Amino acid sequence: MKHSRIAALLLAASISLPAAAESIAVVNGVSIDKSELDAAVANVVQSNGGRVQDSPELREQLKNSLISRQVILQEAARRGLDKQPEFVKRLDEARSELLRDALFADIANKASISDADIKARYDQEVAKYAGTKELHAYQITLSSQADAQKLIAQLKKGGKFEELAKTRSIDPNAKQTGGDMGWGNLSRMEPKLAEALKAIPKGQVSAQPFQSQLGWHVFKVADIRDAQVPSLDQVKPQLARQLQEEAIAKAVEDLRAKSKIQ
């Protein structure tokens with residue numbers, strides 16, 4: 001385990017810990033509480049999904065990291081670095097962000113999103129997909145209309161779409177994906193793009209290039225199917241977060257409305 005990874009976990013684990021009951025080390029008169037070590041160990045175990053277990057070796061390593069951390073903090077304070085304007089500014093910014101996150105967490109917790117709320121949102125989203133189609137498309141992006149038209153002519157003569165995507169597309173991702181765009185629902189796309197893709201039969205390529213802000217696109221529609229809707233259990237966490245985010249946005253909007261802003 002890399003020392004930098006452990007140090008980061010120690011920093012997260014050692015904020016706002018309760019008063020010490022048992023000391024594991026004293027650095028220049030400053031005691032390091034056993035609860036700090038326990039929290040650091042728990043953090044490491046949890047962050048590694050149980051692949052790293054609590055052990056005397058791990059505790060010794062983390063204890064030494066805590067000691068080094070205390071030495072570093074004491075030296076930084078001795079040099080007055082905590083009084084420098086830039087540090088104070090960054091500390092204020094960090095405090096503001098922590099306070100904001102704490103407020104958002106409090107609003108989300110008090111929003112009390114129920115299973116019924118999540119189910120209602122799920123039904124609402126599913127209704128949007130009723131009777132819609134999805135297609136699996138590939139694309140090659142070129143810098144000019146002339147280049148795109150030449151590519152279409154090359155494809156008509158038997159050129160391999162995925163190979164040309166890797167060698168001709170100006171999209172760097174195409175070199176690995178062969179231009180694969182994955183599955184997309186036509187009803188959720190920008191209307192002009194959906195119209196262009198809808199006009200391409202399954203297994204065929206664009207008759208004319210499509211222009212966007214990124215360039216000129218030549219598409220291939222590999223497959224078409226009825227919209228696939230995930231189960232409620234699959235999307236329940238995402239829907240819960242969505243509802244919480246909406247509750248937070250509404251609360252902030254209400255706070256602004258109540259505030260005197262000049």
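Side notes on the structure shown:
- Remark: the range 225-234, residue by residue, has Karplus-estimated 3J(HN,Hα) of 8, 5, 4, 9, 9, x, 6, 4, 4, 5 Hz, where x stands for each Gly or Pro and the curve is 6.51 cos²θ - 1.76 cosθ + 1.60 at θ = phi - 60°.
- Fully extended contour minus Cα-Cα distance, from K119 to T167, at 0.36 nm per residue: 12.7 nm
- By the rule of a C-alpha distance below 20 Å, with chain neighbours fewer than 8 residues away ignored, the aspartates and glutamates paired with K156 are D147, D180, D223.
- Ignoring lysines fewer than eight residues from K34 along the same chain, the ones with Cα atoms less than 18 angstrom from its Cα are K63.
- Stretchable slack from K110 to A25, in nm (0.36 nm times residue separation minus alpha-carbon distance): 26.5 nm
- Förster radius 45 Å - calculated FRET efficiency between D180 and K89 (Cβ-Cβ, nearest 0.05): 0.45
- Gain upon complete extension [D223, R188; 0.36 nm per residue less C-alpha separation]: 10.9 nm
- Cα-projected label distance for K150 with L81, points at 7 Å along beta-carbon direction, nm: 5.7
- Which label in [x] 110; [y] 135; [z] 269 gives the computed volume of the Cα convex hull per residue in Å³: [z]
- Helical runs (DSSP H, four residues minimum) scored at -39500 (n - 2.57) apiece and divided by the length of the chain put the mean residue ellipticity at 222 nm at -18500 deg cm²/dmol.
- With both labels modelled 7 Å from their Cα along Cα-to-Cβ, the S68 to D54 distance reads 2.4 nm.
- Computed from the C-beta positions of L255 and L214 and an R0 of 51 Å, the FRET efficiency is 0.85 to the nearest 0.05.
Any read-out appearing in this document is the output of simple, stated calculations on the displayed coordinates, not a laboratory observation. Treat the numbers as computed from the prediction; the structure is a model and nothing was measured. Using ideal geometry, Cβ is built from the backbone for each residue, glycine included, and neighbour counts are taken over all protein chains shown.
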